[in-house]
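Trainee: There's a structure below that I have some questions on.
The values are calculated or read from the model by the stated rules, or taken from the named source; none is laboratory data. As the structure is a prediction and not an experimental result, all values here were calculated from the model. Every residue, glycine among them, receives a Cβ derived from its backbone with ideal geometry; neighbour counts consider all protein chains shown. Note: accessible area is taken over every heavy atom of the protein model, side chains too, but ligands, DNA and RNA are not part of it. Shrake-Rupley method; radii C 1.70, N 1.55, O 1.52, S 1.80 Å.
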Amino acid sequence: SNNKILVELDEGSGIATMKLKSPPVNSLSLDFLTEFCISLEKLENNRGCRGVIFTSAIPKIFSSGLDITEMCRKSTEHYAEFWRAVQEMWLRVYGSNMVTVAAINGSSPAGGCLLALSCDYRIMAENPKFSIGLNEAQLGIVAPFWFKDTFVNVVGHRVAERSLQLGCLHSAPEALRIGLVDELVPEEKLQDKAAAVIAQWLALPDHARQLTKSMMRKLVLDRLVAHREEDIQNFISFITKESIQKSLHMYMEMLKKKKG
Ligand code: CO8
């Protein structure tokens, strides 16, 4: 059903909000990714829309990242379709002509962090209980090269290297300190602040801003476009390994057990 993403466009300002609403944790399932890309494409093709805010309709969670059940005990055809959808989301957000801001109102591990990293600007709620990071290594899996490239482009090589190897989830204050997010604001001010930032970026001539953005990101985008099928095959051969399936299974069990 088409209801995992609530889209609101403010005609006056040309700023849209995409509110992620896929309970319980906004995991990026194949259905979610498909709806996300369709919604974003509609905004991208709408001349009345020049900026978009990504935020969550679920308390305390921005997005829990890729839906792990999509990576467990499925067919190779399913893995290929799923991975293509993950690539598509990143290509569309990272390559967007619109001004994109992540209003991170909850925890944002792995794929959730990638979504935020792919925006032009990141604002996080100043709650130290919320964490963000590319924690793949903690699941016994490896962040793909384009996750890594996107991360390096935001925080620099040294910070990315350490954070990726340790699979760090950074608290909001720590995320600010290492430059993973651009600012922290009280949660109730998140939406207004995001709109204000977009308005500031939109004050510049569109063509200059868009060409500059493309210049900064093209190399990294082109690398995935050129190796897309190879990247899918890579994902399939990695994810179908028995040892990787075991790691993911154990991680899911751990998530269930930690419950009270
Ligand atoms: N996928 C599927 N189900 C999930 C996920 C997920 N990512 N995250 C949580 N769930 C499920 C839980 O298992 C639980 O299910 P159930 O109710 O059946 O027990 C339910 O959602 C609620 O979860 P919690 O009880 O844990 O909820 P909390 O509010 O306590 O915590 C968190 C929310 C912080 C989001 C927590 O659930 C969490 O840390 N989740 C795991 C996040 C994570 O590590 N994601 C990584 C996914 S991998 C990825 O995105 C990139 C992979 C790159 C692929 C590379 C391969 C080559």
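Trainee: Quick check, is L221 closer than 24 Å to M18 by Cα, crowded, with 17+ Cβ neighbours inside 10 Å and among the aliphatic types (A, V, I, L, M)? Full working, then the answer.
Mentor: Values: closer than 24 Å to M18 by Cα: yes; crowded, with 17+ Cβ neighbours inside 10 Å: yes; among the aliphatic types (A, V, I, L, M): yes.
The answer is yes for L221.
Trainee: Can you spot a residue in segment 142-153 that is open to solvent by 40 Å² or more (accessible area, probe 1.4 Å), within 15 Å of the ligand (Cβ to nearest atom) and outside any loop (DSSP other than H, G, I, E, B)?
Mentor: yes
Trainee: Considering only residues of segment 114-129 that are open to solvent by less than 20 Å² (accessible area, probe 1.4 Å) and out of contact with any Phe, Trp or Tyr (no Cβ under 8 Å at 6 or more places or on another chain), which is nearest to the ligand (Cβ to nearest atom)?
Mentor: Per the stated criteria, the residue is A125.
Trainee: Then there's this: Within segment 159-179, identify whether any single residue is under 16 Å from C119 (Cβ atoms), within 20 Å of the chain's Cα centre (by Cα) and either in a helix (DSSP H, G or I) or within 16 Å of the ligand (Cβ to nearest atom) (or both), and answer yes or no.
Mentor: yes
Trainee: Same structure, new question: Take S39 and tell me if it is farther than 18 Å from K193 by Cβ and more than 16 Å from the ligand (Cβ to nearest atom).
Mentor: Here the answer is yes, as S39 does meet what is asked.
Trainee: While we're on this one: Quick check on my filter: what residues within segment 245-260 are near the ligand (Cβ under 8 Å from one of its atoms) and either surrounded by 14 or more Cβ atoms within 10 Å (Cβ to Cβ) or not in a loop (DSSP other than H, G, I, E, B) (or both)? Explain how you work it out, then say what you get.
Mentor: Let us first name the residues in segment 245-260 that are near the ligand (Cβ under 8 Å from one of its atoms), namely 251-252, 255-256, 258-259.
Of everything in segment 245-260, those that are near the ligand (Cβ under 8 Å from one of its atoms) and either surrounded by 14 or more Cβ atoms within 10 Å (Cβ to Cβ) or not in a loop (DSSP other than H, G, I, E, B) (or both) turn out to be Y251, M252, L255, K256.
Trainee: Can you spot a residue in segment 48-55 that is in contact with a Leu (Cβ under 9 Å, 6 or more places away or on another chain) and within 13 Å of the ligand (Cβ to nearest atom)?
Mentor: no
Trainee: Now for a different question. Within segment 38-65, which residues are farther than 26 Å from L248 by Cα and either in contact with a helix residue (DSSP H, G or I) (Cβ under 8 Å, 6 or more places away or on another chain) or modelled with pLDDT under 95 (or both)?
Mentor: Answer for segment 38-65, where residues must be farther than 26 Å from L248 by Cα and either in contact with a helix residue (DSSP H, G or I) (Cβ under 8 Å, 6 or more places away or on another chain) or modelled with pLDDT under 95 (or both): L40, E41, E44, C49, R50, G51, V52, I53, F54, T55.
Trainee: Also, I was wondering about something else. Can you spot a residue in segment 209-231 that is among the hydrophobic types (A, V, I, L, M, F, W, C) and in contact with a strand residue (DSSP E or B) (Cβ under 7 Å, 6 or more places away or on another chain)?
Mentor: Within segment 209-231, not a single residue is among the hydrophobic types (A, V, I, L, M, F, W, C) and in contact with a strand residue (DSSP E or B) (Cβ under 7 Å, 6 or more places away or on another chain).
Trainee: With the checklist (1) closer than 25 Å to T55 by Cβ; (2) open to solvent by less than 70 Å² (accessible area, probe 1.4 Å); (3) more than 12 Å from the ligand (Cβ to nearest atom) in hand, flag the one item R228 doesn't pass.
Mentor: Failing condition for R228: (1).
Trainee: If you don't mind, there's one more thing I want to ask. Here is a list of conditions, (1) of a type in the set (S, T, N, Q); (2) within 15 Å of the ligand (Cβ to nearest atom); (3) over 15 Å from the mean Cα position of the chain (by Cα), and S75 meets all of them except one; can you say which number that is?
Mentor: The failed condition is (2).
Trainee: Scan segment 116-130 and report the pairs whose first residue is within 13 Å of L180 (Cβ to Cβ) and whose second residue is acidic (D, E) and open to solvent by less than 50 Å² (accessible area, probe 1.4 Å), with Cβ atoms within less than 7 Å and a gap of 6+ or a chain change.
Mentor: As it stands, the answer is I123/E183, since those pairs meet every condition given.
Trainee: Same structure again: Which one of Q191, Q233 is out of contact with any Lys or Arg (no Cβ under 9 Å at 6 or more places or on another chain), crowded, with 16+ Cβ neighbours inside 10 Å and of a type in the set (S, T, N, Q)? Lay out the reasoning, then the answer.
Mentor: Values: Q233 fails: crowded, with 16+ Cβ neighbours inside 10 Å.
The unique qualifying residue is Q191.
Trainee: How many of the residues in segment 244-260 are under 14 Å from R73 (Cβ atoms) and small (G, A, S)?
Mentor: The qualifying residues number 1.
Trainee: From S63, S75, grab the single residue that is of a type in the set (G, A, S) and open to solvent by 50 Å² or more (accessible area, probe 1.4 Å).
Mentor: S75
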